[in-house]
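The values are calculated or read from the model by the stated rules, or taken from the named source; none is laboratory data. As the structure is a prediction and not an experimental result, all values here were calculated from the model. Positions of Cβ are backbone-derived with ideal geometry, glycine not excepted, and every protein chain shown enters the neighbour counts.
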Amino acid sequence: MTGIRWQLAHGRHVELGDKALVMGILNVTPDSFSDGGRFEGLDRALDQARRMGDEGASIIDVGGESTRPGAASVSAAEEQDRVLPVIAALATAGDILISIDTYREETARLAVQAGAHIVNDVWGLQREPGIARVAAETGAGLVIMHTGREREKLADVIDDQFLFLRRSLEIASQAGVGDAQIVLDPGFGFAKEADENLDLMARFEELSRLGYPLLAGTSRKRFVGHVTGREPADRDAGTAATSVILRMKGAHIFRVHNVAINVDALAFADAMLARANNPRGS
């Protein structure tokens, strides 16, 4: 899938296809699994966003509530107090694209009003379906993620992806979200055992049958540690390896903590894809 224009809020868009896009993770939380507490406070958050932009991130994904297993939930007001000042400051600081990582309709709406271009919902519109209305009304890009949490999954990992994501796409369609706004995320690590994540990687190209661009979020996940034996802070090389594999299998966007190592790794993947599509002498 090449030459795709992803429609975003505030009259923006981004081209997907020939070059992998990196989305830098900016958790303004005290308890995220690998960087909790590191970027709390406006100044530290903005410094990290600038650093990731300088390293090659095209999108900054701002999150105000940890989604790690067992994390304590926070109120909508607390989430908004964490993310909205950061988003507003980023919106005035430059041209970098901003994503809000939330499953709450109210937070999504306020974030887009503050300057966010993309809404990234880890519950795939199935916890607060009103997020789809926010995307439809604002033109925001919408990342719809698969999760296995709080439900019975099908035994086959791809069958379960199709079951869940088709329901999410139906919610989006009924709300009036355009196809050009949608990116799908298979939700690596979200109620998936290590073998399930590896099976999902091995069969990733099958997801292209859904007909939408794909985002991969493997960064520092537990299954990367399962393969490498590394603790979360030491999983960036393993993450970069997964990024290359998934790029070769059709992923377009990569949500990562360490931008620099993934930008370099994906540059090689893109070079190999370009060579395969246009071999010398052909």
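Does at least one position in segment 66-78 carry a residue that is at pLDDT 90 or above, crowded, with 22+ Cβ neighbours inside 10 Å and not β-branched (Val, Ile, Thr)?
Keep residues of segment 66-78 that are at pLDDT 90 or above, which gives 75-78.
Of the ones still in play, those that are also crowded, with 22+ Cβ neighbours inside 10 Å are none.
No, there is no match, as no residue in segment 66-78 is at pLDDT 90 or above, crowded, with 22+ Cβ neighbours inside 10 Å and not β-branched (Val, Ile, Thr).
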Filtered residue count, segment 75-120, keeping only those that are touching a residue at least 40 places away in the same chain (Cβ under 8 Å) and β-branched (Val, Ile, Thr): 6
Scan of segment 140-196 for residues that are in contact with a Leu (Cβ under 7 Å, 6 or more places away or on another chain), farther than 28 Å from Val224 by Cα and of a type in the set (A, V, I, L, M, F, W, C), ordered by number: Ala140, Ile171, Ala172, Val177
Residue list for segment 245-281, filter: of a type in the set (S, T, N, Q) and in a helix (DSSP H, G or I): Asn262, Asn277
List every residue pair whose Cβ atoms sit under 8 Å apart, with the two residues 6 or more apart in sequence or on different chains, where the first one lies in segment 213-232 and is assigned to a loop (DSSP other than H, G, I, E, B) and the second, anywhere, is among the small types (Gly, Ala, Ser) and crowded, with 16+ Cβ neighbours inside 10 Å. Gly217/Gly187; Gly217/Gly189; Thr218/Gly189; Thr218/Ser243; Arg220/Ser34; Lys221/Gly189; Arg230/Gly238; Glu231/Gly225
Taking the stated definitions as given, is Arg203 modelled with pLDDT under 95, farther than 22 Å from Gly24 by Cβ and either under 15 Å from the mean Cα position of the chain (by Cα) or not aromatic (Phe, Trp, Tyr) (or both)? no
In this structure, does Glu128 turn out to be modelled with pLDDT under 95 and either hydrophobic (A, V, I, L, M, F, W, C) or more than 24 Å from Gly11 (Cα to Cα) (or both)? no
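Filter segment 127-144 down to the residues that are of a type outside the set (A, V, I, L, M, F, W, C) and out of contact with any helix residue (DSSP H, G or I) (no Cβ under 6 Å at 6 or more places or on another chain), then identify the one that is surrounded by the most Cβ atoms within 10 Å (Cβ to Cβ). Walk me through it before giving the result.
Pass one, segment 127-144, residues of a type outside the set (A, V, I, L, M, F, W, C): 127-130, 133, 137-139, 141.
After this cut, where a residue has to be out of contact with any helix residue (DSSP H, G or I) (no Cβ under 6 Å at 6 or more places or on another chain) as well, the list is 127, 137, 139.
Numbers: Arg127: 16, Glu137: 14, Gly139: 20.
Ranking the qualifying residues of segment 127-144, first place goes to Gly139.
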If we keep only residues of segment 178-212 that are touching a His at 6+ places or on another chain (Cβ under 8 Å) and not in a strand (DSSP E or B), then the residue farthest from Val143 (Cα to Cα) is Ala194
Among Ile245, Ile171, Ile182, Ile261, which is the only one that is in contact with an Asp or Glu (Cβ under 9 Å, 6 or more places away or on another chain) and among the hydrophobic types (A, V, I, L, M, F, W, C)? Ile261
Need pairs with beta-carbon distance below 9 Å; first residue in a loop (DSSP other than H, G, I, E, B) and within segment 1-22, second of a type in the set (D, E, K, R) and modelled with pLDDT of 95 or more; sequence gap 6+ or separate chains. Gly3/Glu15; Asp18/Asp270; Lys19/Asp270; Ala20/Arg247; Ala20/Asp270
Read through the list (1) under 22 Å from Gly217 (Cα atoms); (2) exposed (fewer than 14 other Cβ atoms within 10 Å of the Cβ); (3) of a type outside the set (Gly, Ala, Ser), then give the number of the only condition that Gln174 fails. (1)
Suppose the filter is farther than 19 Å from Glu196 by Cα and either in a helix (DSSP H, G or I) or more than 17 Å from the chain's Cα centre (by Cα) (or both); does Ala241 pass it? no
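So which residues in segment 94-110 are outside any loop (DSSP other than H, G, I, E, B) and either more than 23 Å from Asp54 (Cα to Cα) or of a type in the set (Ser, Thr, Tyr) (or both), if there are any at all? Steps first, please.
First pass over segment 94-110, keeping only residues outside any loop (DSSP other than H, G, I, E, B): 97-101, 105-110.
The answer is Ser99, Glu105, Glu106, Thr107, Ala108, Arg109, Leu110.
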